Amino acid sequence: MLISFNFVVCMKKIELEIVALSHSITQTHSYAVVLGETDGLRRLPIVIGGFEAQAIAVALEQMKPSRPLTHDLMKNFMSAFNVDLQEILISDLQEGIFYSKLVCFSENDTVEIDSRTSDAIALAVRFGCPIYTYNHILENAGILMEDQESHKRKNIEAVGIEESTATVGEDLSLLSIHELQTMLNNVLENEDYIKAIAIRDEIQKRK
């Protein structure tokens, strides 16, 4: 009975939220999305690719791309057929790789679909659905934040795009408003939305 009880506790789902999106410290040309417990101090950093980072950033910042991104297309397709994304579950961790599932609901059924974790998070932001994982995954791959002030940061209204992500290879503070606006238009045309966020924030600071 004790073994069964411990197993149930271990498999209890823990809700997460996006705390930050930043350049990966460990891998060049990669990003890390940092998830945090909604009711705790543990953080779960997950390395993702640049395309997926941009897809998450666009949705977090509520930017409107000139053309639908792949995850926008997926959401539109699912909505057209009355399929709702109820939640995503980061269900396993093997050799440093996170495995996730999309829990989808329709009028007739509820199904779980295997997904890359980065894609699952990008869709979760668009659907506004919760993100869950299990305690043993947080125990194995999570980081405990001792600082209470760090814990309070997750209560801010906007999710943080960390300063390391905002660094775009040049000092934006040295550019004029006109130069920033020209640069913003150029990066939007090239669909570099993470860089666009940093430039947009610099423009807003001048106003």
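The values are calculated or read from the model by the stated rules, or taken from the named source; none is laboratory data. Treat the numbers as computed from the prediction; the structure is a model and nothing was measured. Neighbour counts are summed over all protein chains in view; Cβ atoms, including those assigned to glycine, are modelled from backbone coordinates with ideal geometry.
Just wondering, is there one or more residues in region 119-127 that are surrounded by fewer than 18 Cβ atoms within 10 Å (Cβ to Cβ) and under 19 Å from the mean Cα position of the chain (by Cα)?
No: region 119-127 contains no residue that is surrounded by fewer than 18 Cβ atoms within 10 Å (Cβ to Cβ) and under 19 Å from the mean Cα position of the chain (by Cα).
Of everything in region 7-57 that's at pLDDT 85 or above and more than 19 Å from ILE121 (Cβ to Cβ), which residue is farthest from the chain's Cα centre (by Cα)?
LYS12
Of the conditions (1) at pLDDT below 95; (2) over 15 Å from the mean Cα position of the chain (by Cα), MET63 fails just one. Which one is it?
(2)
Quick test for you: out of GLU202, GLU170, GLU149, pick the one residue that is over 17 Å from the mean Cα position of the chain (by Cα), at pLDDT below 85 and assigned to a loop (DSSP other than H, G, I, E, B).
On inspection, the qualifying residue turns out to be GLU170.
Tally time: how many residues in region 46-56 are touching a residue at least 60 places away in the same chain (Cβ under 8 Å) and closer than 23 Å to LEU89 by Cβ?
Within region 46-56, residues that are touching a residue at least 60 places away in the same chain (Cβ under 8 Å) and closer than 23 Å to LEU89 by Cβ number 7.
Which condition number in (1) surrounded by fewer than 12 Cβ atoms within 10 Å (Cβ to Cβ); (2) within 30 Å of ARG200 (Cα to Cα) is the one that ASP72 fails?
(1) is the only condition that ASP72 fails.
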